[in-house]
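Participant: Mind having a look at this structure? Questions to follow.
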Amino acid sequence: MNSRLSLTRTPRSVKLILPALTEATSPYWRPIKYSLFPPLGLATLAAYLDPDTEISLQDEHVEKLNLDDEPDLVVIQVYITNAYRAYQIADHYRERGSYVVLGGLHVTSLPEEAAPHADTIFLGPGEHTFPQFLRDLAAGAPALRYESPVRTLEGLPPIRRDLIKRYRYLVPNSIVVSRGCPHHCTFCYKDGFFEGGRSFYTQQVDDALAEISRLPGRHLYFLDDHLFGNTWFARDLFRGMKGMDRVFQGAATVDSILRDDVVEAAAAAGLRSLFVGFETLSHSGLAGAGKRQNLGRSYREVVRRLDSLGIMINGSFVFGLDGDDRDVFRRTVDWAVEVGITTATFHILTPYPGTALFTDMDRQNRDETRNWDLYDTRHVVYRPSCMSREELKRGYDWAYREFYRWGNIIETASAHESVKHQLKHFFYSAGWKKFERAWDLAIRIKQLSQMRPLLEAVLAPVPRLVTAR
């Protein structure tokens with residue numbers, strides 16, 4: 001009997017799956033990178049299921065999927081570079097009679113592509129559509145498509161962290177206290193995913209603090225796109241966290257670091273490392289990408305301010321913006337080394353479906369492929385304006401090799417005034433890129449959690465410096 005036709009009640013067994021991204025099977029595969037964070041989105045949806053339901057949550061990045069079971073309901077999260085794998089898994093379970101739902105960034109961007117592989121698809125955030133779907137399913141009348149009209153994080157049940165296999169992740173204490181971002185960069189998925197409602201909103205501070213208090217250990221990683229996006233929320237959050245003896249990491253924008261005292265409040269609460277979207281050193285590149293929050297801001301002042309607070313920097317840079325020439329790679333790496341960026345994440349500009357950039361590239365007939373497996377910011381999928389595709393790819397690969405040379409790791413570490421910050425920088429940067437075999441061994445013998453105290457030690461505070469360079 002086909003359960004898709006007969007399932008008119010609360011499902012007795014539910015399987016939530018994060019399929020592996022294509023990068024996880026490519027030459028760029030770094031097991032540690034994909035063993036950092038558990039799939040919080042799926043664990044959040046699991047909180048709406050009946051407590052008596054048999055629930056399985058599987059992340060293909062850290063474990064082999066069991067595809068021999070026959071759950072009543074299968075929920076699959078779809079990103080662009082796991083889309084084909086997600087469709088394959090969805091088709092497999094539909095053939096076995098499971099009711100299959102698909103959601104996530106890629107489904108929201110290309111619903112017509114995803115729909116043939118699912119019984120129901122979800123567009124946008126699922127905190128309010130998923131509970132409605134479960135009610136409709138129990139009543140025997142689930143819709144083919146659910147679009148999120150509500151934008152609030154109030155009243156959410158606690159995330160089902162009991163379903164997460166903590167020992168498989170270096171950072172199981174990842175947390176999200178907001179959704180979206182207040183800015184509108186042309187290459188970002190955000191506007192398409194949150195279309196039809198607010199594109200940035202936060203939890204209540206008390207709810208966020210309650211979630212933090214439930215997490216064991218010291219280390220936290222805020223996965224929010226912009227942790228400082230709401231000044232009042234951020235300031236109250238950090239005030240509430242002060243005294244919790246936490247060390248944490250997160251992401252913020254250039255302008256938010258310079259505009260007020262929120263970054264000081266974050267440092268006092270335990271912020272030790274920040275992902276910062278510098279993106280490009282080019283004024284025209286920033287303007288063309290809609291990165292207005294960076295325009296007219298001093299990147300050096302951002303670095304100086306974070307350095308004075310003992311906060312390490314993971315700088316994000318994009319290559320291939322219109323106007324980028326063959327010298328962009330050297331200019332970017334030289335600057336990052338000179339100012340002392342702790343780690344750098346480089347990207348090749350990628351026009352994701354649903355973004356303004358994708359629409360613009362399509363209009364200009366500059367897209368070269370619609371093979372979503374290649375949309376990983378490591379491949380060139382469009383025609384650059386001032387160099388060839390091959391030159392862009394070679395320059396991107398060179399930038400990673402050059403920035404993480406031993407000599408440059410030492411030079412960037414020495415840019416800090418505090419010796420303790422220099423040592424923290426050195427061990428963090430080298431540990432991230434130069435000890436793959438050690439990470440791989442820890443993952444294979446399931447001892448990744450034993451590395452967490454080392455991470456916390458590297459993130460320990462350094463004395464604040466008040467003198468400028």
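Participant: Contact list please: Cβ distance under 6 Å, first residue in segment 367-384 and over 14 Å from residue 355 (Cβ atoms), second residue surrounded by fewer than 16 Cβ atoms within 10 Å (Cβ to Cβ) and at pLDDT 95 or above, pairs at least six apart or on different chains.
Facilitator: From residues that are over 14 Å from residue 355 (Cβ atoms), the pairs are 383/366.
Participant: Does any residue of segment 169-178 turn out to be within 16 Å of the chain's Cα centre (by Cα), within 28 Å of residue 233 (Cα to Cα) and open to solvent by 20 Å² or more (accessible area, probe 1.4 Å)?
Facilitator: Looking through segment 169-178, at least one residue is within 16 Å of the chain's Cα centre (by Cα), within 28 Å of residue 233 (Cα to Cα) and open to solvent by 20 Å² or more (accessible area, probe 1.4 Å).
Participant: I've got another one for you. So if I check each of 319, 278, which one is without any contact (Cβ under 8 Å) to a residue 40 or more places away in the chain and among the aromatic types (Phe, Trp, Tyr)?
Facilitator: Result of the check over 319, 278: 278.
Participant: Looking at segment 176-211 only, could you name the residues that are of a type in the set (Gly, Ala, Ser) and touching a Cys at 6+ places or on another chain (Cβ under 8 Å)?
Facilitator: 199
Participant: Something else about it: Would segment 292-311 turn up any residue that is part of a strand (DSSP E or B) and surrounded by 21 or more Cβ atoms within 10 Å (Cβ to Cβ)? Before you say what the answer is, go through the steps one by one.
Facilitator: Taking segment 292-311 first, the residues part of a strand (DSSP E or B) are none.
No, because not a single residue in segment 292-311 is part of a strand (DSSP E or B) and surrounded by 21 or more Cβ atoms within 10 Å (Cβ to Cβ).
Participant: Do any residues in segment 324-353 that are under 26 Å from residue 375 (Cβ atoms) and assigned to a helix (DSSP H, G or I) have Cβ atoms under 6 Å from those of residues that are modelled with pLDDT of 95 or more and open to solvent by 40 Å² or more (accessible area, probe 1.4 Å), where the two are at least six apart or on different chains, and which pairs are they?
Facilitator: 329/398
Participant: In the set 382, 404, which member is closer than 29 Å to residue 309 by Cα, open to solvent by less than 20 Å² (accessible area, probe 1.4 Å) and not acidic (Asp, Glu)?
Facilitator: The unique qualifying residue is 404.
Participant: Right, something else. Kindly indicate which of 369, 377 is more than 17 Å from residue 328 (Cβ to Cβ), out of contact with any helix residue (DSSP H, G or I) (no Cβ under 7 Å at 6 or more places or on another chain) and either open to solvent by 20 Å² or more (accessible area, probe 1.4 Å) or not in a loop (DSSP other than H, G, I, E, B) (or both).
Facilitator: The match here is 369.
Participant: Cβ-Cβ below 7 Å, separation at least six or inter-chain, first residue in segment 421-443 and more than 23 Å from residue 272 (Cα to Cα) and among the β-branched types (Val, Ile, Thr), second modelled with pLDDT of 90 or more and open to solvent by 60 Å² or more (accessible area, probe 1.4 Å): which pairs?
Facilitator: none
The values are calculated or read from the model by the stated rules, or taken from the named source; none is laboratory data. The structure displayed is predicted, hence computed values, not measured ones. Glycine gets a Cβ as well: all are built from the backbone with ideal geometry, and neighbour counts include every protein chain shown. Just so you know, the surface numbers come from the protein's heavy atoms only, side chains and all, with ligands and any DNA or RNA stripped out. Shrake-Rupley method; radii C 1.70, N 1.55, O 1.52, S 1.80 Å.
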